[in-house]
Each structure stands twice: as C-alpha cells, then as structure tokens.
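Notes follow once the structure below has been shown.
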Amino acid sequence: MSISIPQLPKGTRDFYPEAQRIQNYIFDTWRSTAESFAYEEYEGPMFEHLELYTGKSGEEIVSQLYNFKDKGDREIALRPEMTPTLARLVIQKARELKKPFKWFSMPRLFRYEKAQKGRLREFFQLNMDIIGTESIYAEADLMAAIATMLRKFGLKDSEFAIGVSSRKLLATYLEEIGAPNPALVYPVLDRRLKIGPEAFAKALTEAGLSETQIKQLDDFMSCKSLEEVRNAVKSENAAAALKEIEDLFETLAAAGYGDCVNLDLSIVRGLAYYTGIVFEVFDKGKSMRAIAGGGRYDSLTEKLGGERIPGVGFGMGDVVLADLLAEHKLLPSPKQSVDFYIASFTNDMKKVFETAQMFRAGGNVVSHPLAPMKMGKQLDQANYQGATIVVYVDGSKAGAGEFEYKDMRTGEMFVGNADAIVERLKTEVKKAE
Ligand code: HAM
C-alpha cells in the first residue's frame, strides 16, 4: 500500500525561512510605523463564538466562515477579521479603558474564499483602530499612518491612493432621492464596478429602486470632486458629511499627505457595521485588489450588546501588499545574514562554542560548524549562510587574545583582537565582485 505525501491545504502558505524573512520585514515595518504613531499592540484568540460574527459583520464574510462545533457542543468560528474581537475587548473593559485610545494588531485570519491572486484562505492583516472619539482627526491619523507606512516600504505617492467615501453622505443621498431600504442597497453599490452597469441596474431594481433613482445614484457615485458632490446634494446632513471630508483632506494636505488621498464615492465597503467615512487603499493602476480597507463604525459595540462607543480603523492584508511590493521590486533580499562564522582548523569544538558565545554576547548573529569538518567545508557554510566575517579560533598567526579573521565581503585576511573584529564588522566596505 502506498502512502500519499501530505499536501498543503488550499489557500494556505508555508513560510520557508526565505519567505518568513520577507514576512518579518512586512511585520517589522507595520509594527514600527504603528508604534511611531503611538498605537499600542493587542491580541485576541484565533477563534471566537460563532455568534460574534453572524448578523454583525455582513453576509459575505459570514458565508466565508470556517466554523465548527467543538467537543463541548459550542458553535465556534476561526476569526475572519479582527474588528468584532476588538469590539468585544472594548465592551469588556468599557469603564477602565481611557478613551480615546489607539491600538494595533497583526492577526492571522481565516476566510473560506476561492483562493486566487491576492485572496487566500489564511492570511495576515495589520489592524489599526482608534476607539472612543467621533472626531474626523482620528481618520486623518489613520490615513497619515497608512501613507507613512507605504512610503516606508518604498512606494511613491504616485503609486498608491487612499480613496475616501462616506456612508453618511451616501445615506443622506439615498434619503434625498427617496430610495427604499438602504441595507439592501449598500451591498449592490459595493459591487457596482465589479458587476457592470446592467447587472448593477438589475440588482437595484430588485432592491426596489426606480430607473430614475438608479440613474441618479450612478451619477452620484461617479462624482470626482467635492464641488460636483456639493451641487448634487441638498440636505443639511449631506452638507455636514461633506464638510467632514473637506476637513479631512485639508488636514492631510497640511501634514504633507495631500497627494495620497482622493474622493472616491464608488467605495462603499462590504462590511455591515460602517457608519461614516469608509476608505480603501489601492495601487494607482487599480490593477490589484485593495491593499487595505476600513472605516468608521460608531455603533458596533452597541450592536454587540455593549454601550455605544465610536470606533474607526482599517485592515491591511499582507498578500496584496507583498504582491505590490514585489511588482515594484521593493522586497528585501530573502538571503540569510550572519555577522560572524566561527571556524576552526583543528576542529576544536569547545573553543568554537566558547568564542561563539563571546561574540554573541555583543548582540551579534553568530554561527559555526555543528560537526568537525574540513576548513573548505566550513567556509562553504559561512558563505551559504551569508556570514560577513569568519573568525578562526586557532589561526597560527594570532597571538594571545587575538584571532585571524577574514572579511568575506572583500576576501581580505586580518589578525586582531575581538574589538578590532567587531569594528571591522561595522566598517562599510565594498563587496568584492
Ligand atoms: P476587509 O476589507 O474585509 O476589512 O479586509 C481588509 C484587507 O484585508 C483587504 O483590503 C485585503 O488586503 C485583505 N484581505 C481580506 N480578505 C483577504 C483574503 N482572503 N486574502 C488575503 N487578503 C485579504 C476588514 O477586515 C475590516 N475588519 C477592517 C477594519 C478594521 N475596519 C475597521 N477596522
């Protein structure tokens, strides 16, 4: 009987060290940017009670849940997004948490999607959220962080765009034109550009809209400037929603992010809990799926049974981001890098371990052979592992307290004490071709 080789589940990834190094670079940049904006890191469990998602997150995400009954007969779901968990954390400590506060997390998420480019069944997402304020400057803070982060990854302002819309604005417009049942209309509006004009009109007719209303909505969602929107809407509520967007854009422009944001009323967002500003981040050509998406959710905690605490935030997925960075050749080299490789001519393993420990104490990355072997093999290993300097523990030219060492970048040999070796590591030299 033949045994079949175990297979990787569809829509998941293995992270061999090369891939993990790139993943860590993404995580490090996410974390350092979030921390530089004074967001604090939090985590939650990877699974929750199913009911945390049903009815609150929106149909699409609920249809993609990985859910099961556990051995205690409880309905459980692997988390498809972080926002409901965050809302639960907030509700649990609603009194103690000093508001407003800014938190971030980098959860591993699960969605039963049709695996395709930019979409997997298991992925990571940076989440940044601000809880406890209705101020539009919270949105400004989040968008400034997104732009800073994408610049840190090496993208130019001309290569990405944060498209901004407002559910509040859309809701007042729907009211103005007398459209029935906004809850049924939003999911259709969200799919507008994906499904094409005919299917869009058909779906809106089914949601109870007249031909005139459909035309009005289509025109409205195509507005490209605040000026155009101002001419299209009449109510005071709409004017207030517009003023908010205006403030947001002016603030971001003042901080030097004016070229990173634009009005994009075609953005609606699929999730059910958004109540105000909604936004998505795209590569400029919009050739890929959204890199990030988010918005304001002022009544989610209330929907989950807690008191009303406003929130706003976004999720940025690792998959589309890595694709985009790869396309722009902005991902770091996946090669390993080691500071020192400790070698021995006489296979004196005790001395090798002792010396490795000494160099490691200075905070350096240190490697060495794990079995006696010829010097040629040790150098091969040092090379393969990307060692900068090879330190020989028993070179015949070294005096007391000294080592022979080789700078692998230039091929030069030296003799000196540990301080001199560490100094050499810090010296920038041109790599030999
Ligand atoms: P979302 O639009 O569902 O929002 O996801 C945000 C981002 O996560 C997407 O733009 C995409 O980059 C990535 N993403 C989503 N699904 C997948 C997938 N199957 N494979 C790879 N990447 C994916 C949310 O999740 C909201 N909870 C974000 C949020 C936080 N809103 C407020 N705070």
Query raised in the report: With respect to the numbered conditions (1) in the same structural domain as Ala420 (by TED's automatic domain parsing); (2) in contact with a helix residue (DSSP H, G or I) (Cβ under 8 Å, 6 or more places away or on another chain), which one is the sole condition not fulfilled by Pro332?
Result: (1)
Report summary line: Those helices (runs of 4 or more DSSP H) completely within the stretch 301-413 that have 3 or more residues that are in contact (Cβ under 8 Å) with a residue 12 or more places away in the chain, open to solvent by less than 50 Å² (accessible area, probe 1.4 Å) and touching a Gly at 6+ places or on another chain (Cβ under 9 Å) are 318-327
Requested in this report: Confirm whether Leu86 is surrounded by 17 or more Cβ atoms within 10 Å (Cβ to Cβ), modelled with pLDDT of 95 or more and in contact with an Asp or Glu (Cβ under 8 Å, 6 or more places away or on another chain).
Outcome: yes
Report summary line: Of those in the stretch 125-153 that are out of contact with any helix residue (DSSP H, G or I) (no Cβ under 9 Å at 6 or more places or on another chain) and acidic (Asp, Glu), the residue surrounded by the most Cβ atoms within 10 Å (Cβ to Cβ) is Asp141
Query - Unmet requirement for Ser4, which otherwise passes all of (1) more than 13 Å from the ligand (Cβ to nearest atom); (2) of a type in the set (Ser, Thr, Tyr); (3) within 24 Å of Gly313 (Cβ to Cβ) - result: (3)
Query - Looking only at the stretch 256-267, and only at residues there that are modelled with pLDDT of 90 or more and part of a loop (DSSP other than H, G, I, E, B), the one that is nearest to the ligand (Cβ to nearest atom) - result: Ile267
Report summary line: Of the residues in the stretch 98-125, those that are at pLDDT below 95 and within 7 Å of the ligand (Cβ to nearest atom) come to Glu113, Gly118, Arg119
Report task. Scan the stretch 278-300 for residues that are closer than 24 Å to Ala171 by Cβ and either touching a His at 6+ places or on another chain (Cβ under 6 Å) or assigned to a loop (DSSP other than H, G, I, E, B) (or both) and jot them down. Result -> Ala290, Tyr297, Asp298, Ser299
Requested in this report: Kindly establish whether Ala199 is open to solvent by 20 Å² or more (accessible area, probe 1.4 Å), away from the ligand (no atom under 16 Å from the Cβ) and either more than 29 Å from the chain's Cα centre (by Cα) or within 26 Å of Lys303 (Cβ to Cβ) (or both).
Outcome: yes
**Report entry** Members of the stretch 97-124 found to be closer than 19 Å to Met46 by Cβ and out of contact with any Asp or Glu (no Cβ under 9 Å at 6 or more places or on another chain), listed by number
**Finding:** Tyr112, Glu113, Glu122
Query raised in the report: When the stretch 154-170 is examined, which residues are found to be touching a residue at least 60 places away in the same chain (Cβ under 8 Å) and out of contact with any helix residue (DSSP H, G or I) (no Cβ under 6 Å at 6 or more places or on another chain)?
Result: Gly154, Leu155, Ser158, Glu159, Ala161, Gly163, Val164, Ser165, Arg167, Leu170
Query raised in the report: Taking the stated definitions as given, is Ala343 away from the ligand (no atom under 16 Å from the Cβ) and within 23 Å of Arg21 (Cα to Cα)?
Result: no
Query - Residues satisfying the stated conditions in the stretch 60-76, i.e. exposed (fewer than 12 other Cβ atoms within 10 Å of the Cβ) and in a helix (DSSP H, G or I) - result: Ser63
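The values are calculated or read from the model by the stated rules, or taken from the named source; none is laboratory data. Remember, it's a predicted structure, so these values are computed and weren't measured experimentally. Using ideal geometry, Cβ is built from the backbone for each residue, glycine included, and neighbour counts are taken over all protein chains shown. Quick note on the areas: whole protein, heavy atoms, side chains included, nothing else; ligands and nucleic acids left out. Shrake-Rupley method; radii C 1.70, N 1.55, O 1.52, S 1.80 Å.
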